[in-house]
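Asks: The structure under discussion is supplied below as structure tokens; questions concerning it will follow.
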Amino acid sequence: MLALIKHVIRAYAAMPRPVIFILHGDLDGMAATAIIADSLRRKKGSTEFKFLFSQPHELDKVLQQVNGDFDELYLVDLAIDSELWPKVATKLVELSRKGRVVWIDHHPSTIDLASKLAEIGVETVLEKTKSAATIARRFLSETSDPKFYEDILRLGEASDLAIEIEKEDPLHHPLEVLSIALAYKVRDEKLKRKILATWLNEKIIVPDEVVEAASEGERIFKELYGEATRSIIFDSEKLTIVDLRSRRVYGFAGRIASMIANEKGRPTIVLTRLGEAATLITFRAPTKGSFETISATIGRTARSHGGGGGGHPSAFTYKVPSTLAENILREIIDVVNEPDM
Ligand SMILES: [Mn+2]
């Protein structure tokens, strides 16, 4: 009997525990994750990966899905939502007792809490880069195919506007197709797992499923873009505001804001709904020109109303209570209208 128990215990101890990734399900988060996962698999041999997708505002709920044992838990490309920090911290204390927890990110709100993360037992790889993929570059030489993952890395960087991929570049089309598919299928975890598996196991950049989703997404995007140009509620030399709060926009808000910003040559805000209670303020500055002051001012105004979220200085999204949205817009318009802006 004792021998049997010993046997069972030994078998359990030898059972490989999974490596879990909780990642931002955009191209940047997925690119960084693929590079880290491949390098880990090469180091550890056969490893079971679990991929859970999250956005900053739902990280507390996604963390609750981590129940069983794990070897390592990576959080990749996730900004800390200050409203959720107490809940997230409590859960991380518990998880860091079970296995190694590592947070890899480039968002300012996470970097600000670096020492708090260390205090609760979370290792960090945090850098003020424009994309998480850039941070993952340090793992590139440890991957099974650095040339392939260099392409993946560049796609991640380009999607977070850390680099620009020109039209003549062979990666330009894959970038478009992946971006549209991911924006359209923003909640489709099956598709995201498929992309990661195809990168990791077949070393193919664009799986067939993505091509299909992109062609459908392209049609929806064109419709929404047309709707957006008809839904401008404020338009001055300094700023354009588009109101899509009554429309389902999938994950296209950022793309719409970027396109309008570049077309008009001025910063653009797109308003969308997140359920009934919350409104999202998605801001994009044009890629050419300098808009630091206005970008920082608008970011500060949204944040001062308890806006959770974040992003980069020229591309960010804040979540604000819907009841306050009109006041915040008024305030943004007032500061933009000031003569020294
Ligand atoms: Mn990112």
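Asks: Would you mind finding the one in G254, G275, G226, G265 that is outside the structural domain of Q55 (by TED's automatic domain parsing) and within 19 Å of A162 (Cα to Cα)?
Replies: G254
Let's see how each residue does on (1) basic (K, R); (2) in a loop (DSSP other than H, G, I, E, B); (3) crowded, with 17+ Cβ neighbours inside 10 Å; (4) touching a residue at least 40 places away in the same chain (Cβ under 8 Å):
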{"residue": "K43", "(1), (2), (3), (4)": "yes, no, no, yes"}
{"residue": "S46", "(1), (2), (3), (4)": "no, yes, no, no"}
{"residue": "L78", "(1), (2), (3), (4)": "no, yes, yes, yes"}
{"residue": "V88", "(1), (2), (3), (4)": "no, no, yes, no"}
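Asks: Related question: Can you find a residue that is within 28 Å of T323 (Cα to Cα), of a type in the set (K, R) and under 22 Å from the mean Cα position of the chain (by Cα) anywhere in the stretch 264-276? Show your work before the answer.
Replies: So in the stretch 264-276, the residues within 28 Å of T323 (Cα to Cα) come out as 266-276.
This time we only want the ones that are of a type in the set (K, R), so: 266, 273.
The next check asks that each one be under 22 Å from the mean Cα position of the chain (by Cα); those that pass are 273.
Checked the stretch 264-276: at least one residue is within 28 Å of T323 (Cα to Cα), of a type in the set (K, R) and under 22 Å from the mean Cα position of the chain (by Cα).
Asks: Can you go through E157, E150 and tell me which one is away from the ligand (no atom under 16 Å from the Cβ) and either in contact (Cβ under 8 Å) with a residue 40 or more places away in the chain or assigned to a helix (DSSP H, G or I) (or both)?
Replies: E150
Asks: So, one more: Can we say I269 is surrounded by 14 or more Cβ atoms within 10 Å (Cβ to Cβ) and touching a Leu at 6+ places or on another chain (Cβ under 9 Å)?
Replies: In short, yes.
Asks: So which of L59, L40, L23 ends up being within 22 Å of L140 (Cβ to Cβ), within 16 Å of the ligand (Cβ to nearest atom), at pLDDT 95 or above and touching a helix residue (DSSP H, G or I) at 6+ places or on another chain (Cβ under 9 Å)? Let's see the steps before the verdict.
Replies: Working: L59 fails: within 22 Å of L140 (Cβ to Cβ); L40 fails: within 16 Å of the ligand (Cβ to nearest atom).
Every option except L23 fails the conditions.
Asks: So, S179, is that one in contact (Cβ under 8 Å) with a residue 60 or more places away in the chain and either within 14 Å of the ligand (Cβ to nearest atom) or assigned by TED's automatic domain parsing to the domain that holds W103 (or both) or not?
Replies: Judged against the criteria, S179 is a match.
Asks: I'd like the full set of residues that are surrounded by 20 or more Cβ atoms within 10 Å (Cβ to Cβ), in a helix (DSSP H, G or I) and aliphatic (A, V, I, L, M), limited to the stretch 225-263.
Replies: Listed by number, the residues that qualify are A228, A253, I256, A257, I260, A261.
The values are calculated or read from the model by the stated rules, or taken from the named source; none is laboratory data. All of these numbers come straight from a predicted model, not from anything done at the bench. Note: ideal-geometry Cβ built from the backbone for every residue, glycine included; neighbour counts use all protein chains shown.
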